[in-house]
Structures are given as structure tokens and as C-alpha cells.
Amino acid sequence: MWRRSSRSRQAASSRSDSRPAYGGSGVWVDGVLQTEWTGVQPERYYSLNLAAGEHLVLVDITSSDHGGSSHFAIDSEAAFTLRSPAGDKGVPLATIGTFDQSEYIDHRPGRRMQTDHPDYRALPEAAPTAAALEAFASWVKPFEPSLYTEENVFGSNVWRTLAERRAVPRSVLNAILPVPEPGVLPVFEDGDCELVIDLGAERSGFIGFELEAPAGTIIDAYGVEYMREGYTQHTYGLDNTFRYICREGRQSYVSPVRRGFRYLFLTVRGNTAPVKLHEIYIRQSTYPVAEQGSFRCSDALLNATWEISRHTTRLCMEDTFVDCPSYEQVFWVGDSRNEALVNYYVFGETEIVERCLNLVPGSADETPLYLDQVPSAWSSVIPNWTFFWILACREYAAHTGNEAFAARIWPEVKHTLTHYLEHIDDSGLLNMAGWNLLDWAPIDQPNEGIVTHQNLFLVKALRDSRALAAAAGATEEADAFAARADLLAETINAVLWDEEKRAYIDCIHADGRRSDVYSMQTQVVAYLCGVAQGEREAVIEGYLSSPPPAFVQIGSPFMSFFYYEALEKAGRQTLMLDDIRRNYGQMLRYDATTCWEMYPNFAENRSNPDMLTRSHCHAWSAAPGYFLGSSILGVKRGS
């Protein structure tokens, strides 16, 4: 918990925003829980009328976290001071607790954090004043100075008491034009000078500028991916920012950290004379590729969709494939399988694919199930991501004919499959703890239990492993895996099919409860993996063209990749084109230059309903770059 106390000389109306990382339970002022707030999540604004004197603010930041930050701001018409109840003169905060903590690793047995400590429960209302905190003195500690700063570039861009739009004169416009004269950024007596620069498309790279300024002038830079009609999608939890403090005279700077954005807020603060901005640019940093693939047809929408798919893929290729240039910038193992296939068709690059595939077994020291992102200090397993890696290994070996790779990677594939099979329970199904993800949609995919789509993809991974083993000259070693795949498929059909609903259920929970959720995701995977046979296959093939309205619908372009694979298997390319036009056309109508992470259908993984998507550039979504060439044009790898 945090505590700020303020002392003012007169009654004051204050406006504060508290956004603890990943949630938190509330804000108390003088022991009263604040329930009336304005704003749209994740912003929460409280308007308070406070009498002169001391007031105690408690903010509960109890949460799960793997590297977030919290922002707390106060705006008041009256003067106030902040001080810590722990007596610390440097940082006006104190921590109260910790009452409990635990490290939760999704693929290992572990204890969840407990929130039932009596002091934790009682404290907010039992300590309405700093004096009352004496009863909890053993819990109150000074705040760690290294974790606190008031130099908040992100907050300064988000929380502004006044933002006045002005026409851009030529003297300012020179900053982004190819002319010898610099842009002259004026001094405002009562505010700062802010430029909003539209790069015209999403970019990923290093921000650089050259300028003349008085010593001590502050240059704040903040990148965002999306703006529309007065709405800015701020990068909460990312802080896509930096601050540069000028020396006297002419100088240049290139940021040492790569960032992804389309719109750049450049704010000049504290300058005593106009700043001359000679140049501002982004030095694009992506994997070196040639645009060897191309696609052109009579439909302008499909052409534009292919182009944004290629641009997205480029921005998500660094030293490995990465999920996105703005958020994690991480090699997510499962994402990269689909990204590799797109890359084959738009760039034809193979070395980056092999590098990514070779990195995955390096996480075996953490778990033989292999991590979902590598290298990483976050120990997490998404079983499907490991299964997709196995598919990608087979596809790469087939695409390149690289038998040496197959021979080298086969023992690693065999190793992880052997350990996954140890999680087959007495019912004959994969039953394990992990981050059991497939799609950003409200499908029933608990982190413990029997998840149908994981069992289905395990069938496909076991079967695909035989082709990889053959390329490695070890076919007999995979025979047992093929037999286990057939047995697993038989059990899935016996246990997870609901005859009344004519569909596969999403899961069986750890307590034995059968899910009452039916999703298109599960049906698509059952069809794609060849587990649905005969009449069931025909039923699900019908769902591909006419999804039952009661079923959970597809929520991300990532899941659409598997849907398109299923449509190709069924020979329904017309449906594929209809889906691409509808969903990617929606992105283009919002001026997208890259492919979105999600469709704006569900609330999963977005902080408020105004967000169309979280990341606006995510290569797991670039499916048209592959399917328009492979399935629509019919350009296939030779045998």
C-alpha cells in the first residue's frame, strides 16, 4: 500500500488519478473508500473536496506483476505538500506490508498469494489518519528511493490540465520538411510547446534529432500507435518515452532504445528561448530482408491487406521474430510459427527461422516443456506454443530440405514430446497446469485441467513429428509417437464430444466439471488436426461456413490463421476471401498501416472498450501475406 498525506492552507478541490499495475483493490482517503470516479479504464479520476489540514491517502496495489509500474498524480488549485508517514524526508511515500507474497509459475505446483491477513483487511478503515497508523507501525516502511521518481514523461503527456491546439506555421513545419531552415519552436509563458508528428505508417527504430537550444531545455518524446478524432490510445504499462536534457547550443541525439509507434509527441519544456529543430527522424531497425514476394489482383482491398501484412512482418523481424515493435518486443515461440510461413512468401528468408527454432530448446534448463518466450526471465509455458514449434520445425525442414537441421533438432523435439506425454492422465487425455492459451476470446481454457484444443494440437504435433524424424533419418523413433497420437485422438472423440450439441466441449476443469462452453476455436482445431472424422467432420465443416451464433466466435487474427488453414483443407477459399475482406477491411477503414493483434469483438486483453485492439502491429496477425499467395494464387513449395 502507498500513503500520501497532504496539508493545505485552505479548502481545496483536488483531482487525482491512481492506476496501480494490473489492478489493485481501491483508494481510501481518510479511511473512506472512494467509489465515485470518472474516466475510462485504465484511467480513474477522483474529484475530492478536502478541508485544510492533513489527509491520509491509501492506495492498494496488491496485484500479480512481472515488471509493471504504477502512476499516481494529484492536481489541486490550492498549495499542498506531500510527506511520508514513515518519516522519510526524500520520498513522500511509504509502503505498508508486505502481508504476503508468492512466486507463481504457471507450469509448476505453487501457492497463490493470500489476501486474508487480518491487518491487511482491517487497515484501510482502521487507519483514517497518520496517527492511527501507529497501530500498524510494524508494517510501515520507508519507500525505496530507487523505485520512485517525479520525472514522469508518460504522466506529463497523459495528464494535462490544458491542451490548446494551434495552427502549424511554416516556421514550425520546417522541422519535418527537407529544407535547410530549421523549425523554430516558440516559447510560451504559461505552457510547453508540443508537436504531434505523424510518420504516416507504423515504424520501429531509434529516434534521432538535431537541434539548437538553451542549456537545461527538456525534450520529452512519447510514441503511440493510434489516434483518431481526439482519442489517443496511450501506451499504459509500456511508457514508450524518453527525456533528453539539452546542453547549450547545437547538438544531436539518437535514442539507444528501439521503439515502435506511428505518432510521436515531442514536447519542449523549460526553454528560455525558441528551440531550433533542424531534423527529427526515426532510424528504422529491422532484420535485413529483400522484398522478394509480391501479390497483385483486381481487388484493391486485398492488395492493401497484403501490403500491411508484409509491413507488419518486417517490423516484427529483428534478431528473431518478435510479437510486436511497441509492446514486449519478444520472441514468442508460438507466434513465430505463423510468422515464419508469412515470411517465406513475402521475403523468402530462412536464416532467421532456423535461428528462432534453435533457440527454443535452450529453455530446457527451466522446463522440458519449453518456455513460450525465449530467452526470458519469465518462466511460463503455453503448451500450444511448444506444439506450434514442432510444426514449425517440420515445415522449415520441408521448406529448405535441410536434413542437417532435422537431425540436430529431432532429439530436442523427441525430448519435449516425451515429457508432455507424462501429463496424460488416467482418462487418456493431456491434463496439466500451464498458460493454456489459444485465442483472445472468452473460450473456456483454464490454466489447470483438460483443455480440448491443447489435446488436439498435441495429436497434430505427435503426427507431424514423424515427418521430421524421417528427414532426420530416425523414422522408427517416432513410430511410438504416431501410435500415441491415434490413441489420443480416439480418447478425445470418446470423452470430449457432446452428441447433443454436435460439437466438442472446450475443456474439463480440474475439479472434473465439464465445460458448458462451445467455441469455434475448438471446432476449427478438431477439423484442422484431423481428429473429427466421418459425420463429425462433415458437421464441423458446415460450421466453418455457418458458425452457430451461440458458439464463441474467433477473437484474433492469430486464430484466423488456423481457421484459414481449415478453410483451405475444405476447399472453401471464397469464404477465406470474405473473411479477409471483412476483418482486415475493418482495420483499413481505421487507417491501419499494420495488422492488429485482436479483433474488437471481446474485452480480453484490452483495458477499455474504446480500444480497437491492444497492439496495432502484431505479426501473428499477418496471415493474408501467406494465404493470398499459398491458397488463393496456389503458389506451393515444390516436392
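General remarks:
- Screening 226, 244 for residues that are out of contact with any Leu (no Cβ under 8 Å at 6 or more places or on another chain), under 29 Å from residue 70 (Cα atoms), modelled with pLDDT of 95 or more and not acidic (Asp, Glu) leaves exactly one candidate, 244.
- Considering the stretch 56-156, the qualifying strands (runs of 3 or more DSSP E), each wholly inside and each with 3 or more residues that are within 17 Å of residue 26 (Cα to Cα), run over 71-76, 94-96.
- Flag for residue 314 being crowded, with 20+ Cβ neighbours inside 10 Å and among the basic types (Lys, Arg): yes
- Residue 81 vs. criteria within 24 Å of residue 140 (Cα to Cα), open to solvent by less than 50 Å² (accessible area, probe 1.4 Å) and modelled with pLDDT of 85 or more: no
- Among residues of the stretch 157-171 that are touching a residue at least 60 places away in the same chain (Cβ under 8 Å), those with a beta-carbon under 7 Å from a residue that is among the aliphatic types (A, V, I, L, M) at least six positions away or on a different chain give the pairs 159/73.
- Among the residues of the stretch 375-418, those that are outside any helix (DSSP H, G or I) and closer than 20 Å to residue 343 by Cα comprise 401, 402.
- If the condition is being among the charged types (D, E, K, R) and on the phi > 0 side of the Ramachandran plot, then the stretch 260-315 contributes no residue at all.
The rows are residues; the columns are (1) open to solvent by less than 10 Å² (accessible area, probe 1.4 Å); (2) not in a loop (DSSP other than H, G, I, E, B).
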{"site": "195", "(1), (2)": "no, yes"}
{"site": "204", "(1), (2)": "yes, yes"}
{"site": "207", "(1), (2)": "yes, yes"}
{"site": "210", "(1), (2)": "no, yes"}
{"site": "215", "(1), (2)": "no, no"}
{"site": "237", "(1), (2)": "no, no"}
{"site": "250", "(1), (2)": "no, yes"}
{"site": "253", "(1), (2)": "no, yes"}
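- The set of residues in the stretch 158-186 that are surrounded by 11 or more Cβ atoms within 10 Å (Cβ to Cβ), modelled with pLDDT under 90 and touching an Asp or Glu at 6+ places or on another chain (Cβ under 7 Å) contains only 159.
- Reported count of residues in the stretch 335-366, each being farther than 20 Å from residue 311 by Cα and open to solvent by 10 Å² or more (accessible area, probe 1.4 Å), is 9.
- Scope the stretch 565-608; condition farther than 20 Å from residue 460 by Cβ, among the hydrophobic types (A, V, I, L, M, F, W, C) and open to solvent by 10 Å² or more (accessible area, probe 1.4 Å); matching residues: 575, 577, 588, 592, 602, 603
- Filtered by the rule that a residue be closer than 23 Å to residue 626 by Cα, without any contact (Cβ under 8 Å) to a residue 60 or more places away in the chain and surrounded by 18 or more Cβ atoms within 10 Å (Cβ to Cβ), the stretch 536-564 gives 541, 544, 562, 563.
- Within the stretch 615-639, the residues that satisfy the criterion of being touching a Ser or Thr at 6+ places or on another chain (Cβ under 8 Å) and in a loop (DSSP other than H, G, I, E, B) are 615, 616, 617, 618, 622, 623, 636.
- Meets criteria (more than 29 Å from residue 602 (Cα to Cα) and open to solvent by less than 10 Å² (accessible area, probe 1.4 Å)) for residue 478: yes
- Selection status of residue 630, in contact (Cβ under 8 Å) with a residue 12 or more places away in the chain, over 23 Å from residue 388 (Cα atoms), among the small types (Gly, Ala, Ser) and touching a Lys or Arg at 6+ places or on another chain (Cβ under 9 Å): no
The values are calculated or read from the model by the stated rules, or taken from the named source; none is laboratory data. Since the model is a prediction, treat every value here as computed from it, not as a measurement. For neighbour counting, all protein chains shown are included, and Cβ atoms are generated from backbone atoms with ideal geometry for every residue, glycine included. In case anyone asks, the SASA skips ligands and DNA or RNA and just uses the protein heavy atoms, side chains included. Shrake-Rupley method; radii C 1.70, N 1.55, O 1.52, S 1.80 Å.
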